[in-house]
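Single-structure report; data block below.
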Amino acid sequence: MKYSLIIAFLFFNSSLSFSQNNYTISGTIHDNKTGEAMIGATLAVKEIPATGVSTNAYGFYSLTLAEGKYTFSYRFTGYEERDTVIDFHHNVKLNVDLAEKVISLHEVNVTSEAANKNVTSPQMSVQKLSIKEINSIPVFLGERDILKTIQLLPGIKGVTEGNSGFYVRGGGLDQNLILLDEANVYNPGHLLGFFSVFNSDAIKDVTIYKGGIPAEYGGRISSVVDVKMNDGDNKKYRATGGIGLIASRLTVEGPIVKNKGSFIISGRRTYADLFLKILGPKELRNSQLYFYDLNAKANYELGPKDHIFISGYFGRDNFTFRNSTNTNRSFGIDWGNTTATLRENHLFTDKLFLNSSFIFSNYSNNITLGSGDAQFQVTTGIRDFSLKENFDYYISAKNTVKFGLESIYHIFRPGEVTINSASATIRPSVLNKTIERKHGWENGIYISDDYVLSKKININFGLRYSLFTDLGAGTTYSYGGDGNVNDSSLYSSLQPIKTYSGIEPRISVAYIFNDANSIKASYNRIYQYMHLLSNSTAETPVDLWIPCSNVVQPQIGDQVALGYFRNLKQNMYESSVEVYYKKMQNQIDYKPGADLRFNKTVESQLLFGTGTAYGAEFFLKKRYGKLNGWIGYTYSRTLRNFDGIDNGATFPARQDEIHDVSVVGIYELSKRWTFSASWVYNTGSAVTWPSGKYQIDGQVVSLYTNRNGYRMPAYHRLDVGATWNIIKTRRLESSWNFSVYNVYARENAFSISFQQDPNDPSKTQAVQLSLFRFVPAITYNFKF
Amino acid sequence: MKAKNIFLSIMLLTFISCEKVIYIDLNTSNPKIIVEANLTNQQGPYKVKISHSVNYYDANNFPAETGAHVTLNDNAGTTETLAEVTPGNYETSTLQGVEGRTYSLKIVTADGSEYNAASTMPYHVLIDSINFEPGREGNSFRVICKFKDPEGVLNYYKLHLTSNDSTKIDSTDIRIVADGFADGQELTLTYRTELVPGDSVFVMLECIDKTTYDFYRTLPDVEGGIRSFTSAPPANPVTNLSNGALGYFSARSVSVGAAVVH
């Protein structure tokens, strides 16, 4: 109630200013070479300091001011600033093209963009990485990877060596909202997580929210990774690509109708299996091991007020192990995401922008077992159909309101068996067995207001109301204390089974001391209506998403964060210190030996508890100059409490890696050579090891005392990279990228296992496995 | 412009992983009581073995718990106190296990701590047939064991294959099976062990209760620890014993079958 009063006040307050002679300047900002809409480009008004607006996800801006003569300055990092003087006595529609700076990172004296936006904006705990940075930083096997590069930022930790899965501020793997053109990506890993599904050639912009998550996002309690695809060059045809050690990429883009519409198609495939065919053991040469993915997008401007976009992602991994000597027997697993997004931008007035999206997202995983003439296939997955309506209302220079709704229909597929067999010996009763699908309808409405309260105080105030209904058809079970089914109820199609809902306040405030100094505070509450069940701590393709139900409650995340932000040397350096405290309710763990696969009463295998995470993040970034990069340090803890584990004692979560340091440097020696290096260090993750042993049925068994009571050895690693740009010709631009992963060949522990001492069977010993010491890679990239 | 694929690749891959023995400073642990107690529908004596756990790096000498007072009783009013025949090994002399009855085990150790467990003996299931199919090599055979699962009840089985040639037995030869997806079906188990004509095999089919099944299902690797960095955290196996003791008390019904490879 209190919240809505404040919002009403803000609306009222701003509507007062309508009575003056105010006019609106609006339009879109594009790259002059490719026509790509620019996200987060800014418009500043030179005559009125601290007044400005930045473009939304579609490059649209709108700013309303009192009449007068102004110098409008359009800015974007790495682009030439463009100033336009306008005698402002009527509404102005102005589309602006910005030109890339010829030598972008070299210049020391860069004042473009509202360079202190990180200080003045109320949004905190946010990180943006440019594709340029992502492309410069050395990575494993030379495959550029957004999800691995973000792990170099404070507060974001990787799952394991070389893995793209990540934890944000002590949250779980399933608590990251990963969006590709607004579509949910349920499993962002290829090749068991060694590569992410995001092909950086097709990506325009990546924003990561670790806290103070804006109200337009909902459904995941720890973070948002918002990935936007390129729209495609609307001026001329281009191809870009790369040839690497294990994968190659090719992107083709061009205008559909010049300056009106464009398309982009980007594909990638690994060829590890080709090497397996040639070099692998004879038995495995008929096996397959690869992934591929395809991004495609097209957009067309229907008129000055309407713009449509259609985009899609399709990716698939395939592992098939086929015995060359016995072709009858095979084991295969293939999985992948498919997303499709249809969007329409509509401009009602020059102040009111609407984006409507229709989204489809599917994740599925098939395990195929071939034996004799029969083939068994088990399919699990999740499928979403969603609708989003997002309005941006640019009320005044001081007040921008966003509001909208989101509605998602989820179909959960816990397990479906199909059998293809020519033989009649297979009994029909085992044929085509299916664990009932589950259905959920998730809804959210939100409003958020960016408000300049005074020269000193900027506020973002948001509120989201979310609602989740578990729908039939289906059977629900209730369980006794022993995990056995007590009772079951049958529901018909679309019959509501159980509804959960919650109010999610989102508040961020910045107090600005001056252009270069501010403090910010934020609070957010988020409900998450689904959980990921996993037998392992990393992402695997067989992980299962389950919705809330009569037994499983929604995850609720509350986070407060406080930060000090300071820019130095005319915004050449940005620095920040943030502290946070996070409470997570209704977290999931598993009973010992839990059986999560193909189990219709899987909910009986779960334990429920709470999580607490807190930490401090220090960040210093040099943005420009020949040498740029950052240093990050994080101190953090993340703890769990479960009644069923260690009698309710607090134990550290696996990702409780207390100290975490990352140093990233990019040095542009000349137009031809760029060097880069990154160094990471973190405390070992928490792990459960035996503290004793005993004998039963004649065998020796480990005795465990505390969950996660031990630590893996500390992890550290240095990677280096170099890019050699072959001088651009008019048609072809190409470069070689060299990198070495783990330069000083640190033997980081991938796993530590225990075994009988081969020299003394009465003793036991620990064995450490390390992967990836000193892995060089080379990639050739081209553009024409 | 015409898109033209230029494919060019250089392979410089050193995927070398390395394994080495390291020393990990593991905590010491308080000794836990470990119980291994069986009761069957066959003739006794039935045995209860009580021992202690030791620290991980100690030698594999597991101290026996001597001087405990161990009693077994059933829900038909029979009670027997077990005699300690060797240190830590306790045996019945008169008790006869009966299918369908629920048995209770009570242990009071010399220091006065009490541990309890209960188990219901399932009804036995007969082995229908033991046959052989050609194995991988020219003259080798594999064992196929069939039995029919009773319909309408949850059954848990433990099968144990032995042969006169003990060197041929591999780890697949003890199996636990639940009938969750095949209630009332005829169950067929094929053993991977390669046998030759003249070998004799012996199959023991035990019907076990759910906790015993869960105990075997959740028993960690012999060598313990975690297999990979990404595995879920290991834990002690499920037990029906109270007061922090580990192990099991299992009332089980047994049927056997034997055959000679020909």
Subset of the stretch B:159-192 (residues that are at pLDDT 75 or above, outside any strand (DSSP E or B) and within 21 Å of the chain's Cα centre (by Cα)): B:191
Residues being within 10 Å of chain B (Cβ to nearest Cβ) and out of contact with any helix residue (DSSP H, G or I) (no Cβ under 8 Å at 6 or more places or on another chain) - total across the stretch A:563-600: 3
Failed criterion for residue A:661 (all others in (1) crowded, with 17+ Cβ neighbours inside 10 Å; (2) within 23 Å of residue A:621 (Cα to Cα) hold): (1)
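Let's see how each residue does on (1) of a type outside the set (Val, Ile, Thr); (2) within 7 Å of chain B (Cβ to nearest Cβ); (3) farther than 16 Å from residue B:25 by Cβ:
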| site | (1), (2), (3) |
| --- | --- |
| A:665 | yes, no, yes |
| A:672 | yes, no, yes |
| A:678 | yes, no, yes |
| A:691 | yes, yes, no |
| A:694 | yes, yes, yes |
Restricting the stretch A:216-247 to residues that are surrounded by 22 or more Cβ atoms within 10 Å (Cβ to Cβ) and of a type in the set (S, T, N, Q), the residue that is farthest from residue A:404 (Cα to Cα): A:234
Meets criteria (at pLDDT 95 or above and either surrounded by 14 or more Cβ atoms within 10 Å (Cβ to Cβ) or more than 14 Å from every other protein chain (Cβ to nearest Cβ) (or both)) for residue B:48: yes
Number of the condition not met by residue A:558 [criteria: (1) at pLDDT below 95; (2) surrounded by fewer than 21 Cβ atoms within 10 Å (Cβ to Cβ)]: (1)
Strands (runs of 3 or more DSSP E) fully within the stretch A:642-741 counting 1 or more residues that are among the small types (Gly, Ala, Ser): A:659-668, A:673-682, A:692-696, A:699-703, A:715-726, A:733-741
Positions within the stretch A:206-248 being free of Cβ contacts under 8 Å to residues at least 60 places away in the same chain, more than 12 Å from the chain's Cα centre (by Cα) and not in a loop (DSSP other than H, G, I, E, B), in sequence order: A:248
Candidates A:257, A:227 - the one that is more than 10 Å from chain B (Cβ to nearest Cβ) and closer than 30 Å to residue A:740 by Cβ: A:227
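Listed here are the residues, each with its yes/no results for (1) in contact with a Ser or Thr (Cβ under 8 Å, 6 or more places away or on another chain); (2) over 30 Å from residue A:563 (Cα atoms).
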residue: A:204; (1), (2): no, no
residue: A:207; (1), (2): no, no
residue: A:212; (1), (2): yes, no
residue: A:215; (1), (2): yes, no
residue: A:219; (1), (2): yes, no
residue: A:228; (1), (2): no, no
residue: A:231; (1), (2): yes, yes
residue: A:259; (1), (2): no, yes
Test result for residue A:598, touching a Gly at 6+ places or on another chain (Cβ under 7 Å), within 30 Å of residue A:191 (Cβ to Cβ) and buried (at least 18 other Cβ atoms within 10 Å of the Cβ): yes
Out of A:141, A:147, sole residue that is more than 14 Å from chain B (Cβ to nearest Cβ) and within 27 Å of residue A:290 (Cα to Cα): A:147
Counted residues, the stretch A:742-762 - those being outside any strand (DSSP E or B) and either among the hydrophobic types (A, V, I, L, M, F, W, C) or surrounded by 15 or more Cβ atoms within 10 Å (Cβ to Cβ) (or both): 6
Meets criteria (free of Cβ contacts under 8 Å to residues at least 60 places away in the same chain and of a type outside the set (Lys, Arg)) for residue A:261: yes
Any hit, the stretch A:182-205, residues being at pLDDT 90 or above, in a strand (DSSP E or B), within 12 Å of the chain's Cα centre (by Cα) and of a type outside the set (D, E, K, R): yes
Long-range neighbours under 7 Å by Cβ, at least six apart or interchain, first residue under 30 Å from residue B:240 (Cα atoms) within the stretch B:115-138, second basic (Lys, Arg) and surrounded by 12 or more Cβ atoms within 10 Å (Cβ to Cβ): B:116/B:106; B:121/B:101; B:121/B:252
Close pairs (6 angstrom Cβ cut-off, 6 or more residues apart or separate chains): within 7 Å of another protein chain (Cβ to nearest Cβ) in the stretch B:210-235, at pLDDT below 50 anywhere: B:234/B:226
Pair list, Cβ < 6 Å and 6+ apart or interchain, from the stretch A:109-138 residues that are within 25 Å of residue A:677 (Cα to Cα) to residues that are at pLDDT below 85 and aromatic (Phe, Trp, Tyr): A:110/A:624
Answer from A:784, A:774 - the residue that is touching an Asp or Glu at 6+ places or on another chain (Cβ under 9 Å) and either acidic (Asp, Glu) or facing chain B (nearest Cβ under 9 Å) (or both): A:784
Qualifying positions in the stretch A:55-68 - in a strand (DSSP E or B) and in contact with an Asp or Glu (Cβ under 9 Å, 6 or more places away or on another chain): A:60, A:62, A:64, A:68
Flag for residue A:575 being part of a strand (DSSP E or B) and either within 30 Å of residue B:210 (Cα to Cα) or without any contact (Cβ under 8 Å) to a residue 60 or more places away in the chain (or both): yes
The stretch B:218-257, subset of a type in the set (Gly, Ala, Ser) and at pLDDT below 85, residue farthest from residue A:534 (Cα to Cα): B:224
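So that you can scan it fast, the table gives a plain yes or no per residue for (1) facing chain B (nearest Cβ under 10 Å); (2) within 19 Å of residue A:135 (Cβ to Cβ):
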{"site": "A:726", "(1), (2)": "no, yes"}
{"site": "A:730", "(1), (2)": "no, no"}
{"site": "A:733", "(1), (2)": "no, yes"}
{"site": "A:738", "(1), (2)": "yes, yes"}
{"site": "A:752", "(1), (2)": "yes, no"}
{"site": "A:757", "(1), (2)": "yes, no"}
{"site": "A:762", "(1), (2)": "yes, no"}
Filtered residues of the stretch B:3-45 (kept if facing chain A (nearest Cβ under 7 Å), buried (at least 18 other Cβ atoms within 10 Å of the Cβ) and modelled with pLDDT of 85 or more): B:32, B:34, B:36
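The values are calculated or read from the model by the stated rules, or taken from the named source; none is laboratory data. On a predicted model such as this, the values are computed, not experimentally measured, just so you know. All Cβ positions, glycine included, derive from the backbone under ideal geometry; neighbour counts span all protein chains shown.
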